[in-house]
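*Asks:* Before I ask anything, let me first share the structure, which is written out below as structure tokens.
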Amino acid sequence: MTMQAYIDEAEKNLLHTYNRYQVVFEKGDGVYLYDMEGTKYLDFVSGIAVFALGYHNQEYNDALKEQIDKIIHTSNYYYNLPAIEAAKKLKEISGMDRVFFTNSGAEAIEGAIKTARKYAYLKDGTTDHEIIAMHHSFHGRTMGALSVTGNPHYREAFEPMIGNIRFANLNDYESVLSQVTDKTCAILFETVQGEGGIYPATEEFMRKVRALCDERDILLMLDEIQCGMGRTGTMYAWQRFGVKPDVMTTAKALGCGVPVGAFLMTERVGANSLAAGDHGTTYGGNPLACAAVCKVIELFEKENVLANVERVGAYLAGRLEELVAEFDCVTERRGVGLLQGLVFDRPVGDIIKRAMDKGLVLINAGTDIIRFVPPLIITEKHVDDMTAVLRACIREIEGEQK
Ligand SMILES: *Cc1c(COP(=O)(O)O)cnc(C)c1O
């Protein structure tokens, strides 16, 4: 069968929830993907900030194979060695105290919401507490996660959402303050908004919200699902500011491809929120997923991933700034480390398609922004190769416009 025949087959059977690019990827190696016809692509998406270590990392692959031969799944009613080890390692890199493993990012957000509600319920015995989330945020597609996602377009057809959610603006402390009531139990935001357009929280905003939370006994909940796991140069983005959350979510690169996420909290919140019987999951933190988490954290250290992100992230930002200076249609660069966005004065779909045709995988964040979330092991050379192709694509569209 040809690649097109496989795509047609897929379109006959899968639910049409994605407008997919017309390509079937078959394998990967480092920062390169190969489609089933053998065409090679430079990948600046890494499965949307997931495959941080690059494809086909032999040590990672071997660790998974070894775990498969031992045991893939038990149940959270029993202990298993990979989960014990993964929780310990995750605590070390996050500085948090208590871990609950999930299967996805959205499920981690659900857990965080339940944690906040239970924490507030135990304080006053009432159940109408409120959570403040941010406009332009993205927290996932399940009903709870959607309820705190500040994008009306994603929510409209699925109303009513879970209740008592208020929205404020990231980096606008006054807007947060204006939404606080006696019922506020949590303030939730992404330390760097990903999907919403690569907007980093400022240190000033983080510090003020932290102080507000301390004063009113409100939980600060940070979504580090996309910006965490080394992507901004520290294991978690909030560590750059030294503003510690009470509850934190992580997923995406946590298992580097094996579906796994987690929500974490401080000892104080752990002791005053979810208890036995309050929450559960069949698969969450199973031995295979946790073997992946253990190996990922180990390889981050061994391969000096954070230092690479600092160096190559700064280099990428510099090259993107050159494009801002060079082209009228490129208006701004935003981002931290290897989570960067390039803002255009028009929709970027056409540019991304052209890049794909030239063997470069890119993705958008919103309609007008190209998002750069490559594997964290990329080098300056890969950045140069990427910018050369991107520059050619921008020249093409500017040429056609004249
Ligand atoms: C991707 C993402 C989610 C949702 O994660 P899933 O694994 O797709 O459910 C939540 N929050 C942020 C910031 C994300 O980037």
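Only the coordinates and a few stated rules stand behind these numbers; no lab work does. All values derive from a computational prediction rather than experimental measurement. Heads up, the Cβs are rebuilt from the backbone with ideal geometry, glycines too, and the neighbour counts pull from every protein chain shown.
*Asks:* For a Förster distance of 22 Å, can you work out the FRET efficiency between the beta-carbons of GLN4 and ASP350, rounded to the nearest 0.05?
*Replies:* Efficiency, rounded to the nearest 0.05: 0.55.
*Asks:* Shifting gears a bit: Let's see if you can work this out: charge +1 on each Lys and Arg Cβ, -1 on each Asp and Glu Cβ, no other charges. What is the dipole magnitude of the stretch 59-302 about its Cα centre, in debye to the nearest 20?
*Replies:* 260
*Asks:* Excluding same-chain residues fewer than 8 positions from LYS123, which lysines have a Cα within less than 21 Å of its Cα?
*Replies:* List returned: LYS114, LYS183.
*Asks:* Tell me which trypsin sites (Lys or Arg not before Pro) from the stretch 324-358 have a DSSP coil assignment and no more than 16 other beta carbons within 10 Å of their own.
*Replies:* Passing both the DSSP loop test and the Cβ count: LYS358.
*Asks:* Cα to Cα, under 17 Å, and not fewer than 8 places away if on the same chain: which lysines meet these conditions relative to LYS88?
*Replies:* Within the straight-line limit of under 17 Å, LYS88 reaches these lysines: LYS295.
*Asks:* For a quick size check, give me the Cα extents of the stretch 211-299 along its three principal axes, largest first, whole Å.
*Replies:* 41, 37, 17
*Asks:* Run through the stretch 261-306 and list the trypsin sites (Lys or Arg not before Pro) located in a DSSP loop whose Cβ has at most 10 other Cβ atoms within 10 Å.
*Replies:* For trypsin sites (Lys or Arg not before Pro) across the stretch 261-306 that sit outside H, G, I, E and B with at most 10 neighbouring Cβ atoms in 10 Å, the list is empty.
*Asks:* Taking the Cα atoms of the stretch 304-370, what is the range of coordinates along each of the three principal axes, in descending order and whole Å?
*Replies:* Extents along the principal axes: 36, 25, 20 Å.
*Asks:* Using 0.36 nm per residue, how much length does the chain from GLU203 to TYR79 gain when fully extended, once their Cα-Cα distance is taken away?
*Replies:* Answer, rounded to one decimal: 40.7 nm.
*Asks:* Grab the DSSP H runs of the chain that are 4 residues or longer, score each as -39,500 (n - 2.57), total them, divide by all residues and round the 222 nm result to the nearest 500 deg cm²/dmol.
*Replies:* Mean residue ellipticity at 222 nm (helix-derived): -12500 deg cm²/dmol.
*Asks:* At a Cα cut-off below 19 Å, give the aspartates and glutamates reachable from LYS381, other chains included and same-chain residues fewer than 8 away excluded.
*Replies:* Those aspartates and glutamates meeting the cut-off are ASP29, ASP43, GLU303, GLU310, GLU321, GLU322.
*Asks:* With angles folded into 0 to 90 degrees, how steeply does helix 58-70 sit against the dominant principal axis of the chain? Use alpha carbons for both and round to 10.
*Replies:* Rounded to the nearest ten degrees, it is 50.
*Asks:* Note the direction-averaged projected area, equal to a quarter of the hull surface, for the Cα convex hull of the stretch 59-302, in nm².
*Replies:* Over all viewing directions, the stretch 59-302 projects a mean Cα-hull area of 12.9 nm².
*Asks:* Can you tell me the length gained on complete extension of the stretch LYS12 to LYS88, counting 0.36 nm per residue apart and subtracting the Cα distance?
*Replies:* Gain on stretching LYS12 to LYS88: 22.9 nm.
*Asks:* Taking 0.36 nm per residue of separation and subtracting the Cα-Cα distance, what length does fully extending ALA211 through LEU122 add?
*Replies:* Extra length available between ALA211 and LEU122 comes to 29.8 nm.
*Asks:* Now for a different question. Let me spell out the model: positive unit charges on the Cβ of Lys and Arg, negative unit charges on the Cβ of Asp and Glu, origin at the Cα centre of the stretch 306-402. What dipole size does that give, in debye rounded to 20?
*Replies:* Around 240 debye, computed over the stretch 306-402.
*Asks:* Something else about it: Taking a virtual spin label 7 Å from the Cα of ALA157 along the C-beta vector, which residues in the stretch 196-217 bring their backbone nitrogen under 17 Å of it?
*Replies:* Output list for this probe position: empty.
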